[in-house]
Structures are given as C-alpha cells and as structure tokens.
1. Which percentage, to the nearest 5, of the DSSP beta bridges contained in the chain is antiparallel?
2. For region 2-253, what are the per-bin percents of Cα-Cα distances with bins 10 Å wide, up to the bin holding the maximum?
3. Residue-wise, which Karplus ³J(HN,Hα) couplings in Hz belong to region 147-152, taking 6.51 cos²θ - 1.76 cosθ + 1.60, θ = phi - 60°, and x for glycine or proline?
4. Highest GNM mean-square fluctuation, the chain, Cα pairs closer than 10 Å: which of ASP155, ASP169, ASP135?
5. Nearest 20 debye, what's the magnitude of the dipole of the chain about its Cα centre given +1 on Lys and Arg Cβ and -1 on Asp and Glu Cβ?
6. Using a/c under 1.5 as the rounded threshold, could you call region 50-162 rounded, prolate or oblate? The axes a ≥ b ≥ c are square roots of the C-alpha gyration tensor eigenvalues, and prolate needs a/b larger than b/c, oblate otherwise.
7. Which one, ILE175, GLN108, ALA74, projects farthest toward the positive side of the charge dipole computed for the chain from Cβ point charges (K/R +1, D/E -1)?
8. Starting from the Cα of GLU237, step 7 Å toward the Cβ, then list every residue of region 160-182 with an amide N under 11 Å from that point.
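Nothing in this text is a laboratory measurement; each read-out follows from the coordinates by a stated rule. Since the structure is predicted, the reported quantities are computational estimates derived from the model, not experimental observations. Backbone-built Cβ (ideal geometry, glycine too); neighbour counts: all protein chains shown.
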Amino acid sequence: MELNLSNIQHFSVGDGPGIRTTVFLKGCNLRCPWCHNPETLSTQPQILRYENLNKEEICGKRLTVEEIVENLLADKCFYDESGGGATISGGEAMLQADGVKELAEKLQQNGVSVFIDTAGNLPYDAFKKVNPYVDGYLFDYKTDESEKYARIGGDLSLIRNNIKKLIGDGMYLRIRIPLIPDFNTHKSELRNICRTLEALGVNTVDLIPFHRMGSGKYKALGLTYEYENVTPQTAEEIEEIKRIFSKYFNTTVE
Ligand code: SF4
C-alpha cells in the first residue's frame, strides 16, 4: 500500500518521547489559520518557491509502506538508545488510516515504537484499525467551544467522544493544546478545557506555545498567513497558563 506524504523528518524533537523520525502525511480535514504545516493540508502535490533562497521544492509524493519502513529503520539505533521511535503526523494522519495501520504494524514487527499525531476529527473506526499497532496518540485539543471548532471545520462532540473512547480502550494519550492568541487563551476557556479534559479521564497535557515558524512556507506557497503579525506568548504568560493546567494534569510545555 502507498501513503501520500509531504516529508520524512529525521531526528525530530517534540513529536513524542526520545529521538524520533516524523512522517508527515498530506491532507487535512481542518483549516486552522495558525497552522504551521500549510504544505500538508492539500492532498495534491504543491510547489514551494523560496524566492529569497532562489529555491523550489515539490511537496507531495507517494511512497510504499515498505519504502517508508526502510527509510525509518535507518535510525533504529537512535530510537533504541533514546526511547524514541516513529511519529506519523500531518496534516491529519488518520485520514489514511489503512496505510497508517499497515505502516505501524510493520514498524511494530521491527521493534519500533509508533505514535500518531492527530486532531481526532474523524469517526472512531479509523482509530480502531490503528490502535493495536501504536504506543499512543498525540491528540490535539484546540478549543472547548463547538462554534470555534466548527469555524475551523471540526466537530467538538466527535473529538471529545474519540478522546473518551481511546482512554476507554486503554490507549496512551498525550493531549496537545496549541496556545493560540485570541482563540483559546482566555483564562475562562483554559479552565473550561481543563474541566472537560479532566472529566474525559485525561491525565497528561502538552502545551504548545504559539510560534510563526511556518510563515515562510505560506509565502513559498503564495498564501497569506493570517498570523504573520501575531506576537507569541511571553515566558511569563506561558508559565501562568502552565500553572492553570498543572492543577489538573501532568503538564509539559513543548
Ligand atoms: S489540524 Fe493540524 S495540520 Fe490540520 S490545519 Fe490544523 S494545525 Fe494544520
């Protein structure tokens, strides 16, 4: 089977424990305006033109599961030494659940730990296929308000149900919360997020402070980045948010 991907990034940090290789799959069913991987949203190949570097890159290729496994196994000694492995991300990795299942199964057979990075906005059937072959999920939770999820194309009740079902099925879950200025960082919403996640049985949360590292890719794709002039949180603001979450969860800041 083939997977549609944008990139394979070796020596990733922040995509799960230890040294990892992250496979970025193409295609996403959400449209978060702060997204820092805009090249992964479309399923179609795209050209990124970096005019300042006089460089062009084609983003989007289909590789077989065997080709991806061979690529990932090249770093097996680093995974073993660091407690790392592979992370399948995107875009929305779970939109290619059949291929992801096959990839995760083959990696598992080769003794490689697999995490999936997902926004969880799709029916649970996809997770059921993949669960037996993965060590856990890095699961985004972006807002506690249905209307705001709808604005980016998501269904909050579906996402909450998936969290509940994954925990009920004994899956390891790290909830990741992107801290997006003027979207989800008002204290009242942060407290609501904490209460909802606690009620769903979550115990580990990773906070992802806002950054603009994807900005150059928007330019290279000829797109406008709505968050171009938005200021990242200060260290003090992040500490304050962490204090709120730490009352409920084992909390880390990525
Ligand atoms: S879910 Fe992730 S990849 Fe998809 S648009 Fe949002 S931030 Fe980007």
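1. Details: 14 of 40 bridges.
Taking every DSSP beta bridge with both residues in the chain, the antiparallel ones total about 35 percent.
2. 7, 30, 37, 22, 4, 0
3. 5, 6, 4, 4, 4, 9
4. Among ASP155, ASP169, ASP135, the largest GNM mean-square fluctuation belongs to ASP169.
5. Working: 29 positive and 36 negative charges, 93 e Å.
Approximately 440 debye in magnitude.
6. Values: a/c = 2.01, a/b = 1.24, b/c = 1.63.
Verdict is oblate for region 50-162.
7. About the Cα centre, the residue reaching furthest to the positive side is ILE175.
8. Hits in region 160-182 for GLU237 at 11 Å: 179-182.
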